[in-house]
Amino acid sequence: MSDEMECMCLECGISSHFPAVDLSFDTFPGFAGKRTVTNLFCPQCGGVLFVVGLVGEEPCYRTG
Ligand SMILES: [Zn+2]
C-alpha cells in the first residue's frame with residue numbers, strides 16, 4: 001500500500017500528488033512550519049515544493 005503525499009509549490013501555488021516513497025524532504029520544518037521537498041520540484045514551474053500532508057487527510061492549509 002503506497003501513500004501519496006500532497007505537495008504545494010512555493011512559486012506558483014499548485015499542488016501535486018507524489019508517492020510518499022519517492023519523496024525526500026527536510027527533517028525539520030522550514031518555511032511556515034512546512035517541510036520542503038529536496039528531491040522533486042514543481043512540474044509546472046520548477047519551483048520548490050513543500051509537503052502539505054497525506055492525500056485524503058484533512059488539509060492543514062486554508063483553501064479559501
Ligand atoms: Zn510551481
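Quick note: the coordinates plus some simple rules give every number you see, no bench work behind them. Keep in mind it's a predicted model, so treat the numbers as computed, not measured. Ideal geometry is used to build each Cβ from the backbone, glycine not excepted, and the neighbour counts take in all protein chains shown.
Things to note:
- Label-point separation, residue 45 to residue 28 (7 Å along Cα→Cβ), nm: 2.8
- Taking only the C-alpha atoms of segment 4-54, Rg followed by Dmax gives 9.5, 26 Å.
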